[in-house]
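Take a look at the structure below.
The values are calculated or read from the model by the stated rules, or taken from the named source; none is laboratory data. Everything quoted here is computed from the prediction, not taken from an experiment. With ideal geometry, Cβ positions are generated from the backbone for all residues, glycine too; neighbour counts draw on all protein chains shown. The area values use the complete protein model at the heavy-atom level, side chains included, leaving out ligands, DNA and RNA. Shrake-Rupley method; radii C 1.70, N 1.55, O 1.52, S 1.80 Å.
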Amino acid sequence: MRRPEALVLGALGTALAVVSAVGAADGPALKDLMPKGMLLGVAVSQGQVEEKDQAAVDLVTRHYDSITPENLLKWGPVHPEPDKYNFAPADTFVAFGEKRKMTLIGHTLVWHSQTPAWVFEGKDGKPLDRETALARMRDHINAVVGRYKGKIKGWDVVNEAINDDAEGTMRKSKWQQAIGDDYIAKAFEFAHAADPQAELYYNDYSLTNAPKRATAIRIVKDLKTRGLRVDGVGEQGHWLLGGPSLADIEATITDIAAAGVKVHITELDVDVLPRDPGMYGADLEKRAKFKAETNLYPDSLPPDKQAELARRYAEIFAIFLKHRDKIARVTFWGVDDGHSWLNGFPIPGRVNHPLLFDRQRKAKPAFDAVVETLSKK
Ligand code: XIL
């Protein structure tokens, strides 16, 4: 829908609840409103970089100056078998970004998830030994980072290495089991060797929880003590309407920066549906019950919830602005609500509304709220 610029400007400063959605194609481009030096990114799918979905391509092109592949550079998709790499989708991702002069982020090299079983298999059915695990890790990182040397600006080298417990212990992943805690240092060493110019990040969720954050900072300090390159910490930013608190978000940013690295908000979205610890369990009956009880907005997000989401995003972006000197990038995890992974997580089959654009690719009040917040900077 066309909307004259005067109306858009007139909407600034109006109470969020009454600001109507700006036509995404005609309103301001979000990336142009970001403070200098802070990139605005978005996670893209294979279909999107193959330009199979023009509406999504238009939004990505207009509003963002950085892209992260949502899945196609993970170990499973890019290196499904020991001697088989599937680089075609990643090549397309790189070409898509280069054509638009975007900053490309690699996600992710070493993770416990979306990694094929063969990676963790030892010889003759024995547990995986340290040397084999390190050799596989090095070969993979060499091949993947090496191929995109000078093209992908920074890598989430290690993803989600820390538990959610009260001590922030190291996750006993198969990498950790085979190699030991220094698997993280090794991954950073291999990544740096493969592309000395590339930025290297440690990425995790819920660093807003103090124990987890403290461990992430210990990881950064350990890397630095070893003389290894580390440029940033990614807080995924999978947040909810009701939490984490703004104080915890702010502490995450200031604590990471105090450790001497940049903050990246790498996978931002705001879940509008209820969460419950039981949703993560294996009890299928329980999960079905949760799904039925918490799929609250199967048709559309009602105006009061739109306004709540808008307020939450405005508050979050106000914090990003306040700490603009510490944050290198803010990346949304998906282009529009229809594409969000939160339609399937923590339980499959719910209709979620966590992003700035709805299923029709229309800007939501949350988009206006972010525009308004950024325009006041
Ligand atoms: C998610 C993708 O969005 C989904 O499409 C996929 O099925 C599972 O992974 N933390 C991460 C991301 O680091 O890679 C995850 O992405 C979401 C949680």
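The angle between the Cα long axis of helix 210-225 and the main principal axis of the chain comes to about 50°, on a 0 to 90 degree scale.
For the chain, find the longest principal axis of its Cα atoms and tell me its angle to the long axis of helix 365-375, 0 to 90°, nearest 10. It works out to around 90 degrees. In this structure the amide hydrogen of Thr331, modeled in the peptide plane, comes within under 5 Å of the amide hydrogens of Gly41, Ile265, Thr266, Glu267, Leu268, none closer than 5 places in sequence on its chain. The H on the amide N of Asp276, modeled in the peptide plane, is under 5 Å from the matching H of no residue at least 5 residues off or on a different chain. Looking at the chain, send over the antiparallel percent of its DSSP beta bridges, to the nearest 5. Rounded to the nearest five, the antiparallel share is 10 percent. Carbon-plus-sulfur accessible fraction, region 257-377 (probe radius 1.4 Å, protein heavy atoms only): 55%.
The portion of the accessible surface of region 103-249 made up by carbon and sulfur, rounded to a whole percent, is 49 (1.4 Å probe; DNA, RNA and ligands excluded). Solvent exposure of region 113-156 amounts to 51 Å² per residue of accessible area, where only protein heavy atoms count and the probe is 1.4 Å.
What whole-number value in Å² describes the accessible area per residue of region 262-318 for a 1.4 Å probe?
50
Under 5 Å from the amide H of Lys262 lie the amide H atoms of Gly232, Val233, each residue being 5 or more positions distant or on a separate chain, with H modelled from the backbone and absent for Pro and chain starts. Principal-axis analysis of the Cα atoms of the chain puts helix 246-258 at an angle of about 50° to the longest axis.
Look at the dipole of the chain built from charges on Cβ: of Gly150, Gly344, Trp175, the Cα furthest out on the positive end belongs to Gly150.
Using a cut-off of 10 Å between beta-carbons, work out the net charge of the residues near Phe190 (Lys and Arg +1, Asp and Glu -1, Phe190 not included). Can you show the working numbers first?
Working: positive: Arg138, Lys186; negative: Asp139, Glu189.
Taking every Cβ under 10 Å from that of Phe190, the sum is 0.
Counting only other residues whose beta carbon sits under 12 Å from that of Ser173, what net charge do I get with K and R as +1, D and E as -1? Write down the numbers at each step before the final one.
Values: positive: Arg171, Lys172, Lys174; negative: Glu160, Asp181.
Its environment carries a net charge of +1.
Taking the three principal axes of the alpha carbon atoms in region 233-369, the coordinate ranges are 46, 34, 22 Å, sorted in descending order. Summing charges over neighbours of Phe317, with a neighbour being any other residue whose Cβ is under 13 Å away from its Cβ, gives +2 when K and R count +1 and D and E count -1. FRET efficiency for the pair Gln360 and Ala88, taken as 1/(1 + (r/R0)^6) with r the Cβ-Cβ distance and R0 = 25 Å, rounds to 0.20.
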